[in-house]
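Read through the structure below, which is laid out as structure tokens, and then see the notes.
The values are calculated or read from the model by the stated rules, or taken from the named source; none is laboratory data. Please read all numbers here as calculations on a predicted model, not as lab measurements. Don't worry about glycine lacking a Cβ; one is built from the backbone with ideal geometry, like all the others, and counts go over all protein chains shown. Only protein heavy atoms, including side chains, enter the accessible area calculation; ligands, DNA and RNA are left aside. Shrake-Rupley method; radii C 1.70, N 1.55, O 1.52, S 1.80 Å.
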Amino acid sequence: MKRLTIMILAVLLCGAAVLTSSRSITTEPETEVPETIHYADISGDYVFVANLSETERMLRSLQDYLGDDSIEIQTAVPDYAVRYAERTWDPSRAVLLSGGPVYCVEAWDVFKNGEFQKTTYLAGRI
């Protein structure tokens, strides 16, 4: 699901893609380890790391913007969702998306050759 979104972002950055995924096994059940996706092409190595704190901030700011805690918001954007990706987070843009009643948000930190590049914000509706 996220691979397609990350691949699209990576292709927009520089071209063809080779992806691998890594999930760490945690010893403590309450500790959530962010998902990582590795992408490599001739321009360099890219690592996408799910930014869990920014995703939580997105969820809270969207709830505040909507003013209704009963609206369902998921912290993952499925491939089939009507979505957008931005360099900045604006809950008013997410509200304008067409789609179903469920909002979806997630944030990814992008690294190239070991150096932080940007945080990408994804939003969608299903």
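Go through the residues of the stretch 83-96 one by one and say whether even a single one is of a type in the set (Gly, Ala, Ser) and more than 14 Å from the chain's Cα centre (by Cα). The answer is yes; a qualifying residue exists.
Please work out if ALA81 is of a type outside the set (Lys, Arg), in contact with a strand residue (DSSP E or B) (Cβ under 8 Å, 6 or more places away or on another chain), modelled with pLDDT under 90 and under 27 Å from HIS38 (Cα atoms). Criteria met by ALA81. Taking the listed residues PHE116, PHE111, the one that is assigned to a strand (DSSP E or B) and surrounded by fewer than 16 Cβ atoms within 10 Å (Cβ to Cβ) is PHE116, with no other qualifying. In the stretch 56-87, the residue that is least open to solvent (accessible area, probe 1.4 Å) out of those that are closer than 11 Å to LEU122 by Cβ and outside any loop (DSSP other than H, G, I, E, B) is MET58. Per the listing SER21, SER53, the residue uniquely modelled with pLDDT under 90, outside any loop (DSSP other than H, G, I, E, B), exposed (fewer than 13 other Cβ atoms within 10 Å of the Cβ) and under 15 Å from the mean Cα position of the chain (by Cα) is SER21. For the stretch 33-42, a residue qualifies if it is open to solvent by 30 Å² or more (accessible area, probe 1.4 Å), assigned to a loop (DSSP other than H, G, I, E, B) and touching a strand residue (DSSP E or B) at 6+ places or on another chain (Cβ under 8 Å), and exactly one does: PRO34.
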